[in-house]
Amino acid sequence: MNFLSTNVSSEIAQRFVQRKVKGEIIEIEKPFVSDLYTSKMGGVDLADQLRSYYYAGRQSCRWYRYVFWFAFNVCVVNSHILESIHRGNEKRKQVKFRVALTKELMHGFSQRKRPASFSPVEGRICVQHTVVCIEGHKKLCIHCKKSERKTSKGYLVETCFKCKQCNIALCKAPCFLEYHSQFSRSYVYGS
């Protein structure tokens, strides 16, 4: 076995150890660098052991993904070890640490798209109304026509959306909400 080391000189005395080979006891040379490596390798083995318990990410053939998830897992384990040292007697298990870390990283993030916020009056009426696509050709937006809105070229605004319940053509934004908020005010307040 050969060792390559930058912090141990080859001139440092080697020691002899006894090994049993084919029933005979022989003495072999054991370099000092081997003892040094063995004495310091426990931390690396422990970190690898902790990293293997809970693996974040997926296995991948693409090297950059593998490197990213490896580095991510090493960072999580190292931060758990540092937290354990800092807390002293109040240590928590790695799984609880990972769950807390995940919640902290997400911080309320959701992939789900939220609907536009409505005021309470608008919400009561607009819950029943939904935007759907018009089949076939575009139609003139009723709200834009009443508001006298036009395109940059001076034409009336056409849309490919309509309110499913009212069955009238409306632009998705902002006409749908504006039209129904006017409707809800007149409906609720009787004006």
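The residues Lys30, Lys93, when put in order of fewest to most other Cβ atoms within 10 Å, stand as Lys93, Lys30. Think of it as helices only: each DSSP H run of n ≥ 4 in the chain is worth -39500 (n - 2.57), and spread over all residues that comes to -14500 deg cm²/dmol at 222 nm. When only alpha carbons of the chain are considered, Rg and Dmax amount to 35.2, 108 Å.
Compute the Cα gyration tensor for region 42-106, then decide on rounded, prolate or oblate, letting a ≥ b ≥ c be the square roots of its eigenvalues: rounded whenever a/c is under 1.5, prolate when a/b is larger than b/c in the other cases, and oblate in all that remain. The partial results should precede the final answer.
Values: a/c = 2.55, a/b = 1.52, b/c = 1.68.
Cα axes put region 42-106 in the oblate bin.
Comparing Gly108, Gly42, Gly154 in a Gaussian network model of the chain, where Cα atoms under 10 Å apart are tied by springs, the biggest mean-square fluctuation is seen for Gly154.
Charge tally for Thr38 (other residues, Cβ to Cβ under 14 Å; Lys, Arg +1; Asp, Glu -1): +1. Maximal additional length on extending the Leu105-Glu158 stretch stands at 14.7 nm, based on 0.36 nm per residue less the C-alpha distance.
Cβ crowding within 10 Å, taken as a proxy for footprinting-reagent exposure, orders Arg19, Arg149 from fewest neighbours to most as Arg19, Arg149. Per-residue Cβ neighbour counts within 10 Å put Val77, Val95 in the sequence Val95, Val77, beginning with the fewest. Over all other residues within a Cβ to Cβ distance under 15 Å of Ala71, the charged ones net out to +3, with Lys and Arg as +1 and Asp and Glu as -1. Taking Val21, Val76, Val157 as the candidate residues, the one with maximal mean-square fluctuation in a Gaussian network model of the chain, Cα springs under 10 Å, is Val21.
For the chain, with a Gaussian network of springs between Cα atoms less than 10 Å apart, report the residue from Leu156, Leu105, Leu46 with the top mean-square fluctuation. Highest fluctuation among the options: Leu156.
A short reminder: the numbers here are calculations on the coordinates, not readings from a lab. Note that the structure is a prediction, hence the values are computed from the model and not measured. Cβ atoms come from the backbone with ideal geometry, glycine included; neighbour counts cover every protein chain shown.
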